[in-house]
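The values are calculated or read from the model by the stated rules, or taken from the named source; none is laboratory data. Just so we're clear, the structure is a prediction, and the values are computed from it rather than from any experiment. Here the Cβ is made from the backbone with ideal geometry for all residues, glycine too, and neighbour counts use every protein chain on show.
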Amino acid sequence: MNNLSICTIKEFPEDFGILEIDAKRVSTLREFYEVLAETMDFPDYFGFNLDSLDELLNDLSWIEDEKIGIYFSNSESFLQKERNETKILTLLDLLDATCEDWKWIDNENSENEKKSLLFGFDKSERIENLLNKLL
């Protein structure tokens with residue numbers, strides 16, 4: 001499974017704690033921040049912006065699970081009302097890069113406990129097109 005994958009929820013590795021988000025709840029970037037913050041129980045200092053998201057996703061110290069999967073069902077609705085496609089692609093790129101960064105954390109030389117993070121989306125033409133633009 002890639003960092004960002006089109007998949008079913010059952011395709012996540014069995015040892016991952018899966019958090020499912022209905023993408024109908026995240027049709028704008030602001031809704032994405034709000035729902036992800038609620039789902040992942042972000043600390044109160046989350047700033048509901050890309051920089052703050054990057055900071056928290058590269059920390060995850062408040063989450064006990066070592067392996068975390070975020071799955072978006074109804075992915076055809078993912079950020080559907082967000083008019084600026086560049087913002088969507090920037091977000092997806094950040095998610096992918098963050099997942100990749102976690103693969104290279106060395107427990108001996110890092111403040112953070114090593115985690116694994118994956119994002120999955122159910123199959124939709126819209127998500128396929130967006131993810132293909134990242135390649």
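Brief remarks on what is shown
- Subset of the range 28-47 (residues that are loosely packed, with under 13 Cβ neighbours inside 10 Å and within 14 Å of the chain's Cα centre (by Cα)): Glu38, Asp41
- Filtered by the rule that a residue be assigned to a helix (DSSP H, G or I) and basic (Lys, Arg), the range 62-99 gives a lone residue, Lys87.
- Verdict on Glu20 being exposed (fewer than 15 other Cβ atoms within 10 Å of the Cβ), more than 18 Å from Asn132 (Cα to Cα), in contact with a helix residue (DSSP H, G or I) (Cβ under 9 Å, 6 or more places away or on another chain) and at pLDDT 95 or above: yes
- Test: Leu56 is surrounded by 18 or more Cβ atoms within 10 Å (Cβ to Cβ), under 13 Å from the mean Cα position of the chain (by Cα) and closer than 20 Å to Arg126 by Cα: no
- Top-ranked residue of the range 79-96 - restricted to ones that are of a type in the set (A, V, I, L, M) and free of Cβ contacts under 8 Å to residues at least 60 places away in the same chain, ranked as surrounded by the most Cβ atoms within 10 Å (Cβ to Cβ): Leu79
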